[in-house]
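*Asks:* If you scroll down you'll find the structure; I have some questions about it.
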Amino acid sequence: MAAKLSTSINIKEPRWDQSTFVGRAKHFFTVTDPRNILLTNEQLAHAHKIITDYRQGIVSPGLTEDELWRAKYVFDSAFHPDTGEKMILIGRMSAQVPMNMTITGCMMTFYKTTPAVLFWQWINQSFNAIVNYTNRSGDAPITVNQLGTAYVSATTGAVITALGLNALTKHVSPLIGRFVPFAAVAAANCINIPLMRQRELQHGIPITDEKDIRLGESTKAAQQAISQVVVSRILMAAPGMGKKIYTQQFPWMSAPIQVSLVGFCLVFATPLCCALFPQKSSMSVCRLELELQEKIRASHPGVERVYFNKGL
């Protein structure tokens with residue numbers, strides 16, 4: 001008879017060492033696996049039960065360590081790490097490759113008229129807004145009015161910025177012009193992400209010690225978290241913004257080729273760019289707000305570093 005699985009496995013942390021880039025890359029290749037979006041509600045519920053039971057010291061009969069880790073990554077792919085709520089399907093990181101390859105491929109193929117540019121930029125920034133909201137940090141509730149205001153400001157600002165930069169392609173040399181679409185995407189990310197996560201910048205995100213004891217909320221931590229996400233997203237978009245290939249010789253193949261090429265790039269770019277920074281980020285206590293520093297030093301004098309979920 002097989003031995004019962006130990007209850008001492010730390011499934012709060014990823015399976016691989018997150019202090020190294022390779023460990024983070026292995027973790028995010030699993031998290032962003034596009035096959036995760038094909039999982040049924042029953043499969044998600046089963047994984048949820050395995051993980052919930054295990055955290056309470058209950059091991060499902062016959063459960064192996066590999067099955068436990070598989071359940072953890074199925075669980076993590078669909079449920080928010082702070083709120084525990086099931087995430088919107090298209091907002092999950094596992095949906096990044098199929099959604100982005102379609103949107104980016106169509107943007108590059110049908111970017112010929114102003115209405116087309118406007119439409120695809122709006123689609124792109126609306127999708128980005130959903131992803132940014134879904135993968136936010138913290139567990140504070142957001143009202144419908146707050147969410148609506150954030151969405152309108154984020155998409156409007158990002159679309160106007162992208163359209164303005166794309167208009168420059170008519171007035172600069174072709175060599176410079178080929179980098180303008182990427183600059184537009186980068187600038188739009190710099191607007192969309194902070195605006196969709198503006199509540200974090202205003203009120204802070206939860207910070208903990210290394211034992212996951214909550215110490216308060218910090219806007220400084222939110223600034224670092226959002227900055228890291230912006231860098232990752234900009235670099236994530238870079239490989240898919242290349243020059244069109246084969247479209248003039250086979251015009252009817254334009255969209256399928258663009259979508260396939262972008263998809264191939266994103267399969268690798270998505271997890272590797274997510275892996276640039278640990279999802280469980282940290283910062284020194286001395287970099288926090290002064291009043292929060294004083295509070296922590298008074299209640300937890302031995303704490304020198306705090307930890308937080310930066311979001312994705």
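*Asks:* Cβ contacts < 8 Å: first residue open to solvent by 20 Å² or more (accessible area, probe 1.4 Å), restricted to segment 255-279; second residue aromatic (Phe, Trp, Tyr), any location; separation 6+ or different chain. Result?
*Replies:* From segment 255-279, the pairs are ALA255/PHE110; ILE257/TYR246; ILE257/PHE250; LEU272/PHE28; LEU276/PHE21.
*Asks:* Which of (1) under 18 Å from PHE182 (Cα atoms); (2) in contact with a Pro (Cβ under 9 Å, 6 or more places away or on another chain) does MET93 not meet, given it meets every other one?
*Replies:* The failed condition is (1).
*Asks:* So, one more: Can you run down the residue pairs with Cβ atoms below 7 Å, 6 or more apart or on separate chains, where the first is in segment 140-155 and within 17 Å of SER126 (Cβ to Cβ) and the partner is open to solvent by 80 Å² or more (accessible area, probe 1.4 Å) and assigned to a helix (DSSP H, G or I)?
*Replies:* THR155/TRP122
*Asks:* Continuing with this model, one more query. Kindly indicate whether PRO81 is closer than 23 Å to THR7 by Cα and surrounded by fewer than 18 Cβ atoms within 10 Å (Cβ to Cβ).
*Replies:* Judged against the criteria, PRO81 is a match.
*Asks:* Now, a different point. Condition first: over 18 Å from the mean Cα position of the chain (by Cα), within 27 Å of PRO278 (Cβ to Cβ) and open to solvent by 50 Å² or more (accessible area, probe 1.4 Å). Now tell me which residues in segment 5-51 satisfy that.
*Replies:* SER6, THR7, SER8, ASN10, LYS12, ARG15, TRP16, ASP17, SER19, THR20, VAL22, HIS48
*Asks:* For segment 38-85, what are the residues that are touching a helix residue (DSSP H, G or I) at 6+ places or on another chain (Cβ under 6 Å), more than 22 Å from PHE28 (Cα to Cα) and in a helix (DSSP H, G or I)?
*Replies:* Of everything in segment 38-85, nothing turns out to be touching a helix residue (DSSP H, G or I) at 6+ places or on another chain (Cβ under 6 Å), more than 22 Å from PHE28 (Cα to Cα) and in a helix (DSSP H, G or I).
*Asks:* Please work out if THR134 is of a type in the set (Val, Ile, Thr) and touching a residue at least 24 places away in the same chain (Cβ under 8 Å).
*Replies:* So THR134 passes the test.
*Asks:* Which one is farthest from the chain's Cα centre (by Cα), of the residues in segment 227-282 that are modelled with pLDDT of 80 or more and of a type in the set (Ser, Thr, Tyr)?
*Replies:* SER282
*Asks:* Would you pick out the residues in segment 162-211 that are at pLDDT below 80 and not in a helix (DSSP H, G or I)?
*Replies:* Passing the criteria: HIS171, VAL172, SER173, ARG178, PHE179.
The values are calculated or read from the model by the stated rules, or taken from the named source; none is laboratory data. Source: prediction; values computed, not measured. Cβ sites come from the backbone with ideal geometry, for glycine too, and all protein chains shown count toward neighbours. With ligands, DNA and RNA removed, areas are computed over all heavy atoms of the protein, side chains included. Shrake-Rupley method; radii C 1.70, N 1.55, O 1.52, S 1.80 Å.
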